[in-house]
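Visitor: This is the structure I want to talk about, given as structure tokens.
The values are calculated or read from the model by the stated rules, or taken from the named source; none is laboratory data. None of these values were measured; they are calculated from a predicted model. In this analysis, Cβ positions are derived from the backbone assuming ideal geometry, glycine residues included, and neighbour counts consider all displayed protein chains. Accessible surface areas use protein heavy atoms only, side chains included; no ligands, DNA or RNA. Shrake-Rupley method; radii C 1.70, N 1.55, O 1.52, S 1.80 Å.
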Amino acid sequence: MKFITQQYSIPDVPMQPFIDPVEIHNILDNAKPDSARIKDIIEKSLSKNRLSMQETAALTNTTDPDLVEMIKDGARKLKETIYGNRIVLFAPLYIGNKCKNNCTYCGFRASNKDAVRKTLSDVEITHEIEALEDNGQKRLILVFGEHDQYDADYIAHCTKLAYSVKKGNGEIRRVNINAAPLKIEGFRKVKEAGIGTFQVFQETYHPEAYKTYHLRGKKADFNYRLTSLDRAQEAGLDDVGIGALFGLYDWRYEVLGLVRHTNHLEACYNVGPHTISFPRIKDASMLQMGTKYIVTDSEFAKMIAILRLAVPYTGMILTAREPKEIRNECINYGVSQIDGGTKLELGSYSKTQNAEQNLNKGQFRINDERSLNEIIEELLEHNMLPSFCTACYRLGRTGEHFMEFSVPGFIKRFCSPNAILTLAEYLLDYAPKNTAHKGWKVIEKNIEALPDEKVKTKLRERIIELKNGKRDLCF
Ligand code: SAM
Ligand code: SF4
């Protein structure tokens, strides 16, 4: 069912906004977090039903420490049943930081004269990707400021270039994008280039607050941004990621905004967002931000658990903006993807020297500077399954199809074996001895835990094929 197509058939004309701040505030004001209700809501989510905005609001209003623990426990259980113990790994690759907008929280904003502007040349992009492949990366997100130079043709070009770079056994198998919203035709172009997810973060779902942070340029138009991913869907790009930047407005409001956005996409296109991101504002060059809406660490952890319960089947991304301790804790509440070995300064993956972060060269400060291998080792030590899997996207299991596959057990049956195969590739091609030792142990344990004997046997055969030099095998 495509309500939007019928209602708004003129391409690229902004549709009516689907966010009503009065409605969201009313829901928040009236949601009572009494203990029996909170238990029922957690039960509902554990039965793999998406929560309503009213139910989500009751969770956000919970402050009783025992109930908050119950919410976190629920999120932990839900994560285990739906996603198992795998964590998908990726790296961001900043292509260019020219920007015509003036977002007050961002080091790339046009008015920041201290920012060192750079757009990587094709040769530099190639070197960066070779360096990322040498580390074992298979999944990238290409990141761009908002500038005429970074139009759909250029994004498509960079995507194709990323897929074309092969070094040793290295290759990039999935290129996601975080860039300025495109028009329908633009989304069509980048889809044809083979992108995975196109992410557009709304930053804040509160229109008045939005105005105060987005002072100039195309991004100042709240509705144009809000409807970006509708245009993506109209273009046939059904793999989209949403997000809010936490610290711009009341975090509870933003959680409801994300749920409302998810409901909207599902109602109109039969498919919700593939991923939700929830960055917190970090230090940046010439940062101009108040402290009123700062989200504390404990609120942040609770918020992640609530989102997990609210949208059980949506991937959740937690980036290296957050320090290692918070990432290690919050992974348990429902995060499904993290970045590893992240470097934000343009062109820095191919530089050997590990210099201090220079905020004038990056968008913001990252607080987890572990290498990809260090992260993989820690995940293994906690019995998690690091994954570079790209099978669903490459086999066409995205969007509406992906939702069909998101039935209980499916992800575990397909994702766990695929995670194991991609981890095995990493261990064979890139891991130091010590990591490889830990990795094979975890692989063996995870194979043993698989419920289906046929899958187990097939998986073992495929691992032998990998050991004999084959690559890119999947279920
Ligand atoms: N220029 C594109 C746009 O604005 O849509 C790409 C986005 S930007 C390169 C990626 C995201 O980083 C932004 O959408 C914002 O949520 C986040 N971000 C910007 N400044 C940040 C800061 N100081 N701390 C943490 N995240 C930040
Ligand atoms: Fe530009 Fe994006 Fe930064 Fe805003 S968040 S200043 S649009 S790069």
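Visitor: Can you give me the accessible area per residue for the chain, using a 1.4 Å probe, in Å²?
Guide: 40 Å²
Visitor: Using θ = phi - 60° and the Karplus relation 6.51 cos²θ - 1.76 cosθ + 1.60, list the HN-Hα couplings for region 425-435 in order, rounded to whole Hz, with x at every Gly or Pro.
Guide: With coefficients 6.51, -1.76 and 1.60, one gets 4, 4, 5, 6, 9, 10, 7, x, 3, 4, 5 Hz.
Visitor: Grab the eigenvalues of the alpha-carbon gyration tensor for region 48-88, scale each by 5, take roots, and send me the semi-axes largest first in whole angstrom.
Guide: Details: eigenvalues 92, 39, 11 Å².
Gyration-tensor ellipsoid for region 48-88: 21, 14, 7 Å.
Visitor: Here is a further query. Give me the accessible area of T212, 1.4 Å probe, in Å² rounded to the nearest 10.
Guide: 90 Å²
Visitor: If the rule is a partner Cβ under 4.7 Å, which cysteines in the chain fail it?
Guide: Lacking a cysteine Cβ partner under 4.7 Å: C99, C158, C268, C330, C389, C392, C415, C474.
Visitor: Considering only protein heavy atoms, what is the solvent-accessible area of R394 at a probe of 1.4 Å, reported in Å² to the nearest 10?
Guide: 100 Å²
Visitor: Counting only other residues whose beta carbon sits under 12 Å from that of N178, what net charge do I get with K and R as +1, D and E as -1?
Guide: On the way: positive: none; negative: E146, D339.
Summing Lys/Arg as +1 and Asp/Glu as -1 gives -2.
Visitor: Let me check something: with ligands and nucleic acids excluded, how do V190, V116 order by accessible area (1.4 Å probe), largest to smallest?
Guide: V116, V190
Visitor: Separate question: Rounded to the nearest 500, what is the chain's calculated 222 nm mean residue ellipticity when only DSSP H runs of at least 4 contribute -39500 (n - 2.57) each, over all residues?
Guide: It lands at -14000 deg cm²/dmol.
Visitor: Additional query: Heavy atoms only, 1.4 Å probe, whole protein assembly: order W440, W251 by accessible area, highest first.
Guide: Reading off the accessible areas and sorting them downward yields W440, W251.
Visitor: For K167, list the lysines whose Cα falls under 16 Å from its own Cα; do not include residues on the same chain fewer than 8 positions away.
Guide: K138, K470
Visitor: Can you check how the C-alpha radius of gyration of region 1-160 compares to 2.2 N^0.38 Å, as a plain ratio?
Guide: 1.49
Visitor: Still on this structure: On the first, second and third principal axes, largest extent first, how far apart are the outermost C-alpha atoms of the chain in Å?
Guide: 60, 55, 45
Visitor: P(r) for region 235-382: what percent of alpha-carbon pairs falls in each 5 Å bin, starting at zero?
Guide: 2, 8, 17, 19, 18, 16, 12, 6, 1, 0
Visitor: Using a 1.4 angstrom probe and counting only protein chains, how large is the accessible area of K218 in Å², to 10?
Guide: Surface accessible to solvent at K218 totals approximately 100 Å².
Visitor: How much length is gained if the chain between K324 and T291 is pulled fully straight, taking 0.36 nm per residue apart and subtracting their Cα-Cα distance, in nm to one decimal?
Guide: Fully extending the segment from K324 to T291 adds 9.6 nm.
Visitor: Short version: what are the Cα gyration tensor semi-axes of region 189-275, square root of 5 times each eigenvalue, largest first, in whole Å?
Guide: 23, 15, 10
Visitor: Once phi is turned into ³J(HN,Hα) by the Karplus curve 6.51 cos²θ - 1.76 cosθ + 1.60 with θ = phi - 60°, what whole-Hz value does each residue of region 262-272 show in order, with x for glycine and proline?
Guide: These are the phi-based 3J(HN,Hα) values: 4, 4, 4, 5, 5, 5, 8, 10, 6, 8, x Hz.
Visitor: Can you say what percent of the DSSP beta bridges in the chain, counting only those with both residues inside, are antiparallel? Round to 5. Before the final figure, lay out the partial values.
Guide: Details: 4 of 34 bridges.
Just about 10 percent of them are antiparallel.
Visitor: With a Cα-only, solvent-free Debye model of region 413-475, what are the log10 I(q)/I(0) values at q = 0.13, 0.18, 0.21, 0.25 Å⁻¹?
Guide: Those come out to -0.30, -0.58, -0.79, -1.09, one per q.
Visitor: Now for a separate question. Which pairs in the list K72/K282; K189/K343; K191/K282; K118/K191; K39/K302; K160/K467 are over 22 Å apart, alpha-carbon to alpha-carbon?
Guide: Violating the 22 Å limit, Cα to Cα: K72/K282; K189/K343; K191/K282; K118/K191; K160/K467.
Visitor: Further, regarding this structure: What is the sum of charges around I95, taking Lys and Arg as +1, Asp and Glu as -1, for the other residues whose C-beta is under 11 Å from the C-beta of I95?
Guide: Surrounding charge for I95 is -1.
Visitor: When the accessible area of the chain is split by element with a 1.4 Å probe, what percent falls to carbon and sulfur?
Guide: Answer for the chain is 51 percent, counting heavy atoms of protein chains only.
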